[in-house]
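The values are calculated or read from the model by the stated rules, or taken from the named source; none is laboratory data. Because the structure is a prediction, the values reported are computed rather than measured. Counting neighbours? That spans all protein chains shown, and the Cβs are built from the backbone with ideal geometry, glycine included. The protein model used for the area step is the full one, side chains on, heavy atoms only, and it has no ligands, DNA or RNA in it. Shrake-Rupley method; radii C 1.70, N 1.55, O 1.52, S 1.80 Å.
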Amino acid sequence: MTAKISIIGAGMTGATTAHWLSEREIADLVLVDVVEGMPQGKGLDMLEAMPIIGSDSHVLGTNDYADTAGSDIIIVTAGLARKPGMSRDDLLKVNAEIVGKAVTETLKYSPNAIYIILTNPLDTMAYLAMKVGNLPRERVIGQAGILDSARMRAFVAMETGVSVENIDCYVLGGHGDEMVPLTRHSNIAGVPLREYLPADRLAAIVERTRKGGGEIVNLLKTGSAYYAPAAACAQMAEAILKDKRLIVPCAAYMQGEYGLNDMFFGVPVMLGRNGLEKIIEYSLDGEEKAAFDKSAAAVRETHEALKAIVSL
Ligand code: APR
């Protein structure tokens, strides 16, 4: 393949992202992890699957950042999950170190790479990646909106029995409890969701979407969601490599859009070969604007917590 994507963190989400991408046959893939043997094992296992699925993507697992050299895209999934007794700030500090190192190490070998950040808290980890790497905002995009919107689309499909392909939902804002599912902009084959579904059913779907991550955590008992987050990363990487100019919700660095500055926030963006091609500004009514402001305040709080720990 002429294109190369490196995935930092070969855990559940990283390896599953490689899996989705290998089937798309759009790039050679490198999986990097600190655990010795694990990325090598997963990479080789995946490589051995390629003859069966008919893909010539090369997959390599490694502990050595030098193997990422010349990557077009770096996807950062490395990080720790919060453990009992660990405060949010403790987690922030640990993941900031991991993500910071992933960015500085990969930049040495791929100075022009575009970064997709998945490690949580992802809005703040994307902010850190941009600052640590001294990168232009076009080259750092956080995953979250595609996932949150996909959850809502899946719930609407379950409720209505309509194909997921006919369902467009837009969940914006920070990737947390204050995320903003925009029901006014969401539709089924062009028919506004608000006309299609009774208000109480729509409210239930919005609530389930907001708690979608927690629902999976509660079911899995150990770990968090990875199939859908990984599918979202794969879609972003494909849109960038193919210069699709795909409009999807992602976390982007705000420079005045939606009245926000110097922070990452989930908004509709256009993804193309330059990474973030454009931020699309929807017109928001009063209620939506209030929800945006509330979500932005929550994200800003985590950004401030990061700045108190790490000098950026
Ligand atoms: N460099 C490379 N990999 C690392 C490092 C590091 N410094 N530190 C930890 N890792 C690896 C771990 O060894 C592990 O394999 O990151 C991987 C994380 O994988 P999982 O624990 O399986 O977590 P996962 O479910 O993939 O989630 C990763 O994505 O959705 C977010 O909240 C989630 O922040 C978390 C991240």
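With protein chains left intact and a 1.4 Å probe, residues in the chain average 44 Å² of accessible area per residue. Can you give the percent of C-alpha pairs in segment 1-49 whose distance is more than 15 Å? In whole percent, the share of Cα-Cα pairs in segment 1-49 beyond 15 Å is 36. When the Cα positions of THR183, ILE216, ALA234 are compared along the charge dipole of segment 106-250, ALA234 comes out farthest toward the positive end, with charges on each C-beta of Lys, Arg, Asp and Glu.
Ordering of 189-196, 143-150 by packing is 143-150, 189-196, highest average first (other Cβ atoms within 10 Å, averaged per residue). Counting only Cβ charges, +1 for Lys and Arg and -1 for Asp and Glu, the dipole size of segment 1-88 around its Cα centre is about 580 debye. Length gained on full extension, ARG201 to ASN134, computed as 0.36 nm times the residue gap minus the Cα-Cα distance: 19.6 nm.
Within the listed set TYR170, TYR115, TYR227, the residue fluctuating most in the Gaussian network model of the chain (springs between alpha-carbon atoms under 10 angstrom) is TYR227. Based on the convex hull around the alpha carbon atoms, segment 66-150 presents an average projected area of 6.0 nm². Each distinct pair of alpha carbons in segment 77-219 adds a 1/r term; the inverse of their mean, the Kirkwood radius, is 16.9 Å. Stokes-Einstein diffusion for segment 1-124, with the hydrodynamic radius set to the Kirkwood value over Cα pairs and evaluated at 25 °C in a medium of 0.890 mPa s, equals 168 µm²/s.
Remark: segment 186-296 carries a charge dipole of roughly 420 debye about the Cα centre, counting +1 on each Lys and Arg Cβ and -1 on each Asp and Glu Cβ. Using the Cα centre of segment 80-193 as origin and beta-carbon charges of +1 (Lys, Arg) and -1 (Asp, Glu), tell me which of ILE116, VAL156, LEU135 is placed farthest towards the positive end of the dipole. Looking along the dipole axis, the top candidate is LEU135. A straight Cα-to-Cα reach below 22 Å connects LYS93 with the lysines LYS83, LYS101, LYS131, LYS307, residues fewer than 8 places away in its own chain not being considered. Per-residue packing, averaged as other Cβ atoms within 10 Å, sorts the ranges 232-239, 291-298 into the order 232-239, 291-298, beginning with the highest. Placing +1 on the Cβ of every Lys and Arg and -1 on the Cβ of every Asp and Glu, with nothing else charged, gives segment 132-225 a dipole about its Cα centre of roughly 180 debye.
Charged neighbours of GLY41, selected by a Cβ distance under 13 Å, balance to -3 (K, R count +1; D, E count -1). Global size of the chain: 18.8, 55 Å for Rg and Dmax (C-alpha atoms, Rg to one decimal, Dmax whole).
In segment 126-284, carbon and sulfur make up what percent of the accessible area (probe 1.4 Å)? Percent of accessible area from carbon and sulfur atoms in segment 126-284: 48.
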